[in-house]
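In what follows, a single structure is set out as structure tokens and then discussed.
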Amino acid sequence: MSIQDFRECRLCAWDCGVNRTEEVGVCKVNLPEVAYTCLAESLESYSITLLGCNFRCLYCNAYRISQYPATNWFYRGYVEPRALAREAVEKMREAGITKLGFTGGEPTIHLPYIELVVEEVRRELPELQVGFTTNGFASVSSMERIVKMCSYITLEINAFRADTHLALSGAPIEPVLRNAAYLMAHREKIRAFKTVVIPRINDREIEAIAQFIAAHDPSIPYHLVGFRPSFMLYYHPGPLASELEAIGTACQKHLEHVAWGGVYPDVSAFADYGAQLALRYAALAGCVSKDRNCGRCTLKTSCPAILREPWLCTPGERKKGGSGHVTG
Ligand code: SF4
Ligand code: SF4
């Protein structure tokens, strides 16, 4: 790890220039800390989640991680990079997987640490594939390093209008679009672009994002995720299936691979029946029992009712291998 990158930190587009061994910049974090590590079965990947973020998205569903340390939750903390690499190699060998993913928060703010972990893991597993999920706010040189290091990258674009992006994330959009364009010039490194669809905030700009992507390459996958109330948008409603479907369909006019999921089911038909509505939610998540008595269920030790990445587990995605529709 080049400690110099942290002594005069310009890892992201905030370009703070602070010495992170002694002070903090916009991201508010000193040296890299690990929230947790896990085997993400649905992604067939060993995942390392790092604390802190250079954005402050109103809707952040990982805000206890992204806004660390202000959230006062306790996590794993600093792990010596070689020790983290050894642990990753052991777990990946056990699971028979070759993918190692970095997420957060925003992993870019810990890039030199990640590079060292990757270097160590690659020594043991030359077939390693590295994944990275980012808000796209890296500095020019960090983005080049990320693309060079990674096999597949997911980049989130929160909005298309500059004022919406700023109001939603607390950060300007220009670096994100610049980095998105840079990534699209390295098409083979893209896993997907992603947008969290928030009714009445960014939902009227999603098709413009699809057009922006399509202008580079219409074959690039685009994932739309229905917003769920969280953080500073705790009281804001998510999109209905019909709303997300309309947006997804509009994007399909421009892009070949659009997937969407994570909607608000239309609950109006169940308004007077609380138990029926609860059963409906459980069924949507995969519950097979008619009465929700987990003690009597034949699948009680292997319950399939679990939420994973919406576009990977919705019925539409499984059947068609394309757009994931969740019907309400
Ligand atoms: S990672 Fe970004 S926000 Fe954090 S100190 Fe460095 S330049 Fe500033
Ligand atoms: S960029 Fe992602 S992790 Fe950071 S605040 Fe926004 S939603 Fe949360």
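The values are calculated or read from the model by the stated rules, or taken from the named source; none is laboratory data. These numbers were taken from a predicted model, which means no experiment stands behind them. No Cβ is skipped: glycine too gets one built from the backbone with ideal geometry, and neighbour counts run over all protein chains shown. Areas reflect the complete protein model, heavy atoms only, side chains present, ligands, DNA and RNA absent. Shrake-Rupley method; radii C 1.70, N 1.55, O 1.52, S 1.80 Å.
Some points to look at:
- P(r) tail fraction, region 80-232 - alpha-carbon pairs more than 23 Å apart, %: 41 percent
- Helix 206-216 vs. the chain, principal-axis angle (Cα, 0 to 90°, nearest 10): 50 degrees
- With every protein chain in place, the chain: carbon and sulfur % of accessible area (1.4 Å): 53 percent
- Derived scalar couplings between HN and Hα for region 12-22 equal 10, 5, 5, 6, 4, x, 8, 8, 6, 7, 10 Hz in order, rounded to whole Hz, by the Karplus curve 6.51 cos²θ - 1.76 cosθ + 1.60 (θ = phi - 60°), x for Gly and Pro.
- Cβ-based charge dipole, the chain, positive-most Cα from 78, 175, 112: 78
- The length gained by stretching the chain between residue 250 and residue 3 to full extension, at 0.36 nm per residue less their Cα-Cα distance, is 84.3 nm.
- Estimated [θ] at 222 nm from DSSP helical runs (n ≥ 4, -39500 (n - 2.57)) normalised by residues in the chain, nearest 500: -9500 deg cm²/dmol
- Among 215, 35, 167, the residue with the largest mean-square fluctuation in a Gaussian network model of the chain, with springs joining Cα atoms closer than 10 Å, is 215.
- Loop chymotrypsin sites (Phe, Trp or Tyr not before Pro), region 197-240 (other Cβ atoms within 10 Å of the site Cβ: 11 or fewer; DSSP): 234, 235
- If only the Cβ of Lys and Arg carry +1 and only the Cβ of Asp and Glu carry -1, the dipole of region 75-137 around its Cα centre is close to 80 debye.
- Region 114-192, Rg to Rh (Cα coordinates; Rh as Kirkwood inverse mean 1/r): 1.04
- Length gained on full extension, residue 278 to residue 74: 70.2 nm, using 0.36 nm per residue less the C-alpha separation.
- The count of lysine pairs in the chain whose Cα atoms are under 30 Å apart, excluding pairs fewer than 8 places apart on the same chain, comes to 29.
- What you get for region 1-152, charging only the Cβ of Lys and Arg (+1) and of Asp and Glu (-1), is a dipole of about 180 debye around the Cα centre.
- Residues whose amide H lies under 5 Å from that of residue 139, counting only those 5 or more places away or on a different chain, are 12, 13; hydrogens are built 1.01 Å from N in the peptide plane.
- Hz values of 3J(HN,Hα) by residue in region 296-306 - Karplus curve (6.51, -1.76, 1.60), Gly and Pro given as x: 9, 5, 5, 9, 5, 9, 9, 4, x, 7, 8
- Comparing 276, 129, 252 in a Gaussian network model of the chain where C-alpha atoms under 10 Å apart are linked, the largest mean-square fluctuation is found at 276.
- Solvent-accessible surface of region 1-66, averaged per residue with a 1.4 angstrom probe and all protein chains in place: 45 square angstrom.
- Springs join every pair of Cα atoms under 10 Å in this Gaussian network model of the chain, and among 104, 226, 286 the largest mean-square fluctuation is at 286.
- Folded to 0 to 90 degrees: helix 274-285 orientation relative to the chain principal axis, Cα: 50 degrees
- Computed over the chain: relative contact order in percent, which uses C-alpha pairs under 8 Å that are six or more apart: 13 percent
- Max-minus-min Cα coordinates of the chain on each principal axis give 61, 45, 38 Å, with the largest extent listed first.
- Between 0 and 90°, nearest 10: helix 111-124 axis offset from the chain longest Cα axis: 90 degrees
- All-pairs alpha carbon distance profile, region 33-82, 5 Å steps from 0, percent: 5, 20, 25, 21, 19, 10, 1, 0
- Packing around the peptides 130-142, 40-52, taken as the average count of other Cβ atoms within 10 Å per residue, puts them in this order, highest first: 130-142, 40-52.
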